[in-house]
Amino acid sequence: MTVMAHTQARSRHVTPVRLGRIVGKVAIYALLIFWAFVSLFPIYWTFSTSFKKAANVMKGHLIPWIDYVPDWLGWRSLGLSPDTLFNTSTVRDEFLNRFENSVIASLSASTLAVVIGACAAYGLSRFEYKFGPMKNKDISFFFLSQLILPPVVLAMPFLVLYKELAFLDTRIGLILLYTLMVLPIVIWIMRDQFDTIPIELEQAAMVDGCSVWGAFLRIVLPIALPGMVAAFILSVILCWNEYFFAALLTSTHAKTLPVMVASQTGSQGISWWSMAALSAAAILPLIVIGITLERYIVKGLTAGSVK
Amino acid sequence: MASVDLIDVRKAYGDHEVIHGVSMHIADGEFVALVGPSGCGKSTLLRMIAGLEPITAGEVHIDSRIVNDLEPKDRDIAMVFQNYALYPHKNVANNMGFALQLRGLPKAEVEGRVRRAAEILGLVPYLARYPRQLSGGQRQRVAMGRAIVRDPKVFLFDEPLSNLDAKLRVQMRGEIKELHQRLKTTTIYVTHDQVEAMTMADRIVVLHDGVVEQIGSPLELYDNPANLFVAGFIGSPAMNMVHGTIRGDGFVAEDGTPLPLGRAPAGSDGRQVIYGFRPEHLSLGGPVSTQITVIEPTGSETQVIAKLAGQKIVGVFRERISARPGETLSVGPNLASVHLFDAQSGHRLT
């Protein structure tokens, strides 16, 4: 009897606290759902627009099979609809060529940047450098400060340089330029990542029988994987989206997707459906890369190593 | 197993010298503790022996071979770090077997040796776990396991117990000592905790500001400290020290209180000295009266903090004392255990 009374008293006492917690949770989830909607809507809109006709686009129809009947119009213009897939299509060839250029330029440049950037960042994180009056911190800032320069300043120099080197309209030219472009960010991210790894881990590895490189490759890099993946994803996105230099330095062979997307606004107005199909195709690889690599970005990988 | 010799080892960062010529011989199989307050250079010295810190001058020999220019991996040493430094992406078995894998030993042998070490340390149930899934004490054991699987010439411990709670520290202290008795590997153990050094080591090296103050067995340091620093550092509670002057064959404190002295060193009349005695070398009912400030009975003994000649002293007595704070307690230092130090140099006189 006393136990029951006690329990009742306790539950009466606890209820407002629990209620507060529930309300708090509901508020947080409501906010998160709202933000997820805001973030995902443009993607949904792009994908759905690629299946609309002109009238649906103009009237702002949003929900397929209720608002409008999906149609392959956009994809047909790219030669990628079921009925055109096996016919010859110059637009599709053009699209696939640019898609390939974009994939190769982005992935190669990002890989190169992560490899070079990781080495540079490791050096900045672990060794002391002096370059004239500049020390590690100044050198790091020097790298990052390269981002302050607007790309347009480099337009003329690069045009001249690439002309001399015969890099104009080549993939290798784009790859090198993109590597240079994303390197500062990669170095910055990786240096932060290496700074969080206790130096004792490498020292332990060296006592255990590793050389400096051995400790870097066998101990530091696996632990720094989350940072590397994050840097890689960011690099791929930046390279994938790059428009200015792609438009400037390429003409036929090495043109990338953003240039093609942007050129859809012709003199007859914008063909929303084909632009949407093109954009959707351009977004897709990023989504795939993001989803595949996201699981490597695990926080707290160093947990438990030191205390 | 091997001996370790340091010959006039120095370390400087730029113009700033932090280790001022340390020499010592550590015999094969010996357990030596480097002890001193933080910043005294003991960890730096250990890291120089390990090869993680370049040696500015002098020589380090391991097994009669100069290792100054050898990489850590070529010195055949194993080190346990203060923060354990376990590889977070490897499980316990791979953490312990990493060094053996690097040496290219066959998989079966690596597994066998890891298993034997795990048995010694009671880690067998945890071999598949990752460091983050272990408690502090278990991590500490893994760090030790990583050292012992290699069967190195020398073990180096850098304050391995300082991150554990008091109870676990005492337990691990016993385990490390037991391990040493079993493996008989030459061990250099850095700690700032003099109790750890006293209880574990065959010999203790007391370092202070990059200089060796004294080297000796724990009881040698306790009974015959070479100077004021060692006297004050070794022993807990610390040695009582009273400032004063030698007058004839006696000692007079600064406020004029005479304290008993067996015999003053020859020719020391009028010399400024420090009169030191350990808390447990006081006995009740002596010629000196003190005023009690605090009484702390612990059951087995009674600790008394009191004022003697205007200075605070601590006494530890076997007897139970019924006196209260503010009252007077008559005590007398055990004459055979009184230490005299020169007030200027801090060196021992008797």
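At a glance:
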| quantity | calculated |
| --- | --- |
| Surrounding net charge for A:A282, when Lys and Arg each add one and Asp and Glu each subtract one, Cβ distance under 15 Å | 0 |
| Cα gyration tensor, chain A - rounded (a/c under 1.5), prolate or oblate | oblate |
| Within 10 Å of each Cβ in A:206-216, the average number of Cβ atoms from other chains | 6 |
| Angle between chain B longest axis and helix B:92-102 axis [Cα atoms, degrees, rounded to 10] | 70 |
| Among B:V170, B:G216, B:V195 the positive-end extreme of the charge dipole of the stretch B:155-229 (Cβ point charges) | B:V170 |
| Helix runs (DSSP H) in chain A reaching 18 Å along axis by Cα, Kyte-Doolittle at least 1.6 | A:225-241, A:272-294 |
| In degrees, nearest ten, helix B:136-148 long axis to first principal axis of chain B (Cα) | 70 |
| Of B:K167/B:K312; B:K11/B:K184; A:K163/A:K255; B:K11/B:K90; B:K11/B:K177, pairs whose Cα-Cα distance is over 23 Å | B:K167/B:K312; B:K11/B:K184; B:K11/B:K90; B:K11/B:K177 |
| Value of [θ]222 nm, deg cm²/dmol, for chain B, DSSP H segments ≥ 4, -39500 (n - 2.57) each, nearest 500 | -7500 deg cm²/dmol |
| Shielding by other protein chains, B:77-84, mean Cβ within 10 Å | 5 |
| Ascending count of other beta-carbon atoms within 10 Å, so fewest first, for A:L165, B:L349, A:L73 | A:L165, B:L349, A:L73 |
| Packing-based ranking, highest mean first, of B:208-218, B:282-292 given that Cβ atoms within 10 Å are counted | B:208-218, B:282-292 |
| Residue order, fewest to most surrounding Cβ atoms within 10 angstrom, among A:C119, B:C40 | A:C119, B:C40 |
| Per-residue Cβ neighbour rank within 10 angstrom, fewest leading, A:I233, A:I116, A:I66, B:I313 | A:I66, A:I116, A:I233, B:I313 |
| Order by protection proxy (mean Cβ within 10 Å, highest first), peptides B:296-303, A:220-227 | A:220-227, B:296-303 |
| Structure-based [θ]222 nm, chain A - -39500 (n - 2.57) summed over DSSP H runs of at least 4, per residue, nearest 500 | -22500 deg cm²/dmol |
| Sequence-separation-based contact order of chain A, relative, with Cα cut under 8 Å and 6+ spacing, percent | 27 |
| Per-residue mean of C-beta atoms belonging to partner chains within 10 Å, peptide A:191-200 | 2 |
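FYI, it's all coordinate maths here, none of it is from the lab. Treat the numbers as computed from the prediction; the structure is a model and nothing was measured. In this analysis, Cβ positions are derived from the backbone assuming ideal geometry, glycine residues included, and neighbour counts consider all displayed protein chains.
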